[in-house]
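Coordinate-derived values only; no laboratory data. Model, not experiment: these values are computed from the prediction. Cβ sites come from the backbone with ideal geometry, for glycine too, and all protein chains shown count toward neighbours.
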Amino acid sequence: MDEQLDRELSSYLGMLIEEKMNSGLSREAAIRAARIELGGSDQVKERVRDVRAGAWIETLTQDLRFGVRMIVHNPGFSALVMLTLALGIGANTAIFSIVYGVLLRPLPYARGGDLVVLHQYATKLNLPDVPFSVKELDDYRQSHTLSGIVEYHSMAFLLLGHDSAERVQTGVVSHNFFDVLGVRPLLGRAFLESDESPNADAVLMLSYDYWQHHQGGDPHIVGKVFEMNNRPHTVIGVLPPIPQYPAENDVYMPTTACPTRSSKEFRENRESRMMTAFGRMKQGTPLETAQADLSTIAHRLELTYPQNYKPEYGYGLRAAPLQTELTQKARATLLILLGAAGFVLLIACANVANLMLARVLKRERELAVRSALGATRGRLARQLITETVLLALGGGVLGLAMAPPVLQLLVKFAARFTTRAAEVELDWHVLVFTFAVSIAAGLLFGMAPAFSSTRQLNDSLKQAGNQSSAGRGAQRLRSGLVMAQVTISFMLLIGAGLMMRSILALQRVDPGFRPDRLLTLRMSANFNKYDTNQKYTLLMKEVLSRVSSVSGIESVAVASNFPFNPAAIVNGPSKSLLQIQGRPMQKEDAAMADTTSVGTGYFETVRQPLLAGRTFTDHDDDKSPRVAVVNQTLARHRWPSANPIGQRISFDDGKNWLEVVGVVGDVREYGLGKAPEDEVYMPAFQAGFGNRVVVRTLADPLSVAVVLRAKIRSVDSQIAIDQVNSIERLQQDSVASPRITAILLAIFAGLALLISATGIAGVMALSVSQRSHELGIRMALGQSRGSLVQMLLQQGLVLAGGGTVLGIVGALALGRLLASLLYNTSTRDIVTFMAVSSVFLFVAAVACMLPAHRVTLIDPSTALRQE
């Protein structure tokens with residue numbers, strides 16, 4: 001750099017000296033005058049730099065003005081290029097907004113990277129996430145690497161009015177829960193240590209959504225009093241709009257305000273587990289160090305309390321970053337969609353590069369003349385790249401305008417996986433990404449045409465007339481770009497095809513019951529009023545009696561859970577350790593089973609078949625011997641060669657035994673893609689719980705929802721009713737995530753196929769245009785038009801076939817990325833590969849046929865006259 005400046009300095013000084021000598025000064029006087037005028041060498045260098053910078057800016061300004069003129073004077077071409085890029089850039093902008101907002105954006109908590117979620121596990125029982133008890137939380141608070149451990153669990157309570165009740169999902173947390181997370185209330189204050197003392201007044205914090213949607217965003221909400229659990233609860237604060245984990249809650253209360261958590265029996269029982277634990281690592285502590293410290297405490301618990309942490313359980317504890325836990329369900333799907341959107345952009349860039357190559361051919365003589373007049377190759381290449389970057393920026397602006405409506409749909413889609421979806425927005429990070437992608441796309445599809453066009457400029461002036469031709473290198477480049485488009489498009493189509501096959505396989509799965517004409521709703525009674533099993537049983541029997549009297553109701557039952565319950569699908573089965581009478585506990589294959597409480601007539605209502613024995617009757621209450629019904633999977637696993645009827649099982653280490661009285665068919669409770677769990681059903685009136693009413697109707701189930709509400713409220717006006725749903729609709733919703741993923745991949749694949757087809761057609765059309773002279777001579781010498789069409793068609797199909805072969809290889813290599821999203825579908829499914837190959841070759845043939853047909857318009861006599 002300094003050598004160049006020195007050369008420019010010497011040249012500039014020589015010019016000044018010559019100018020002074022021409023004015024009559026001697027050489028010595030001219031040298032002195034020039035040096036005085038310029039000053040020292042540093043000043044000269046600075047002036048040279050200024051001149052150089054000014055020249056560069058002037059050149060850039062000229063390039064920009066010329067580029068804008070070329071775009072304006074070629075509106076059709078410019079619109080085509082910008083629209084093609086807008087599709088790719090818009091898709092990437094929308095997907096990146098989701099990826100950044102969910103996976104990359106820092107947590108909205110102070111030092112969010114130091115927050116961890118604690119998971120107890122029992123590997124030999126296949127339990128990856130065992131809830132915590134109060135005793136266990138106290139033990140882990142002895143950690144030397146965590147500055148705070150807080151607890152959380154969620155329960156549903158009733159907010160009571162004069163003649164109404166509203167069910168609110170309530171997070172029960174430690175007093176320092178929000179302090180450890182680093183969350184400051186939007187209004188009011190957070191919990192204090194005094195709020196968690198046994199005799200403290202009951203207080204509440206409201207979530208932002210509940211405050212907005214149920215309290216109208218009342219700015220004076222702090223200080224308002226609600227009645228809950230027969231106690232007045234005062235609102236002390238409102239949370240900011242943050243993602244809640246592990247679930248969304250309406251309100252929050254301290255642990256001592258929860259009747260279950262605050263009872264002495266619960267607090268003293270080491271195995272009374274229902275809490276989730278969060279911790280904050282001390283600043284600068286690596287996760288590995290914290291993990292080792294917590295594992296030491298877990299091992300000490302095993303040694304100190306062997307009756308609670310038996311060796312056959314495989315007990316341990318792991319710490320996971322909160323950000324990872326918030327996003328782990330969404331990560332694979334979002335990254336696959338981001339990759340698909342990136343492929344679409346690459347295809348768009350390849351297609352635009354071909355368009356630019358074709359356009360450069362038409363401008364060869366213009367570029368050659370400019371070169372002859374003194375323009376360097378670098379100068380011409382820079383001019384062409386400037387044009388392409390301007391086109392790409394225009395496509396970026398259009399893509400950014402397309403992104404918001406697509407983003408709204410994607411946010412709803414992402415909300416199925418993570419509560420962080422609420423944070424997604426088109427902020428400056430997204431704008432920077434769009435700008436960077438636009439510049440990168442402009443450079444990507446502009447480099448090849450720019451440098452290809454400068455290689456044979458001297459020969460261009462020798463071409464006769466307006467005839468333009470491309471060298472073999474340019475032809476190979478265009479063919480390579482087309483093959484790249486075909487390869488990537490084929491891979492996208494295979495991904496979409498496999499997802500579609502998976503969806504079809506899911507829809508063919510037998511759920512094990514009849515979901516048609518089934519309605520479910522959740523009812524919540526005031527448990528302070530119905531505080532015994534007998535009182536609650538009488539309430540439920542009265543509710544069922546009144547509901548069954550409604551016209552259009554075929555049957556009705558009560559249950560604690562039901563198939564395709566959205567909350568159950570998210571949380572998974574509630575497995576418990578199952579003991580079979582007369583069998584020792586197996587260390588390596590401990591029996592675990594999911595449990596559900598169901599009322600009389602439940603199996604008949606949902607049409608779940610009885611395979612052996614009997615179902616429950618009204619006599620199976622708390623005064624009769626305890627009984628259970630098991631599903632076919634559990635019977636096959638635990639009594640493969642014996643009759644399960646009459647066998648006795650226990651969930652409390654043999655303190656209470658249940659006799660198996662029936663075997664029912666398997667039901668896919670947790671989604672069509674999930675295999676049936678080992679399931680034990682217990683009588684609701686015997687087990688003492690069941691707040692889901694399941695109704696089979698004679699017509700549309702939602703048509704009787706209003707009447708059912710009224711009938712239930714007529715029993716007790718303070719019963720809260722919510723989550724009214726058709727089970728058939730819930731079944732459809734249970735496959736909504738893979739279905740939407742398949743649709744998005746299909747849209748991306750469709751765009752890719754369309755762009756690739758236009759790319760093939762464009763290359764073929766350019767080939768016919770360039771070879772019109774040659775083709776005319778062929779026809780003049782006797783070759784038929786049909787054989788020429790066939791020849792050109794064959795050449796186009798060779799490109800498509802080569803890209804298809806490469807696409808097959810790529811699809812096989814990337815199949816593992818899709819494997820986790822597929823159900824009962826191989827990533828090498830031969831039907832999908834054959835179908836996609838056939839569709840692609842057909843589309844390629846159509847794309848080739850249209851430009852090849854132009855051969856029939858060539859006049860052989862014109863070609864001979866040109867010769």
Practice prompt. Would you mind getting me the FRET efficiency between residue 264 and residue 197? Use the beta-carbon distance for r and R0 = 25 Å, nearest 0.05.
Written response: 0.95
Practice prompt. For residue 657 and residue 428, compute 0.36 nm times the residue count separating them, minus their Cα-Cα distance, and round to one decimal in nm.
Written response: 76.2 nm
Discussion item. How far apart, in nanometres, would the label points at residue 74 and residue 189 be if each is projected 7 angstrom from Cα along the Cα-to-Cβ direction?
Written reply: 7.0
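Go through 623/674; 529/623; 310/655; 135/674 and tell me which ones have a Cα-Cα distance over 29 Å in this structure.
Over 29 Å Cα-Cα: 623/674; 135/674.
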Worksheet item: Applying 1/(1 + (r/R0)^6) with R0 = 51 Å to the Cβ-Cβ distance of residue 533 and residue 296, what FRET efficiency is obtained, to the nearest 0.05?
Response: 0.75
Worksheet item: residue 825: net charge of surrounding residues, Cβ under 15 Å, Lys/Arg +1, Asp/Glu -1, itself excluded?
Response: +4
Discussion item. Take residue 155 and residue 209, extend 7 Å from each Cα along the Cα→Cβ direction, and tell me the distance between the two endpoints in nm.
Written reply: 2.2
Worksheet entry | HN-Hα J in Hz across the range 430-447 - Karplus 6.51, -1.76, 1.60, θ = phi - 60°, x for Gly and Pro | 5, 5, 4, 4, 4, 4, 5, 5, 5, 4, 4, 5, x, 5, 5, 8, x, 4
Discussion item. Taking 37 °C and 0.692 mPa s as the conditions, I'd like the Stokes-Einstein D for the range 655-802 in µm²/s, using the Kirkwood hydrodynamic radius from alpha carbon pairs.
Written reply: 140
Item to complete: Please work out the C-alpha center-to-center distance from the range 813-851 to the range 400-437 and express it in whole Å.
Response: 29
Worksheet item: If you stretched the chain out fully between residue 710 and residue 795, how much longer would it get, using 0.36 nm times the residue separation minus the C-alpha to C-alpha distance?
Response: 23.3 nm
Fill in: Cα pair distances of the range 109-203 binned at 5 Å [whole percent]
2, 10, 15, 20, 20, 15, 10, 5, 3, 1, 0
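Can you tell me the FRET efficiency between residue 397 and residue 218 if r is taken as the Cβ-Cβ distance and R0 is 51 Å, rounded to the nearest 0.05?
With a Förster radius of 51 Å, E is 0.80.
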Worksheet item: What distance in nm separates the simple spin-label points at residue 283 and residue 839, each placed 7 Å from Cα in the Cβ direction?
Response: 5.6
Fill in: Net charge over other residues, Cβ less than 12 angstrom from the Cβ of residue 572 (K, R count +1; D, E count -1)
-1
Practice prompt. Using 0.36 nm per residue of separation minus the Cα-Cα distance, give me the extension gain between residue 703 and residue 618 in nm, one decimal.
Written response: 27.7 nm
Worksheet item: Going 7 Å from the Cα of residue 542 toward and past its Cβ, which residues in the range 688-721 have a backbone nitrogen under 13 Å from where you end up?
Response: 712-719
Practice prompt. Report the local net charge at residue 328: Lys and Arg +1, Asp and Glu -1, summed over other residues whose C-beta lies under 15 Å from its C-beta.
Written response: +3
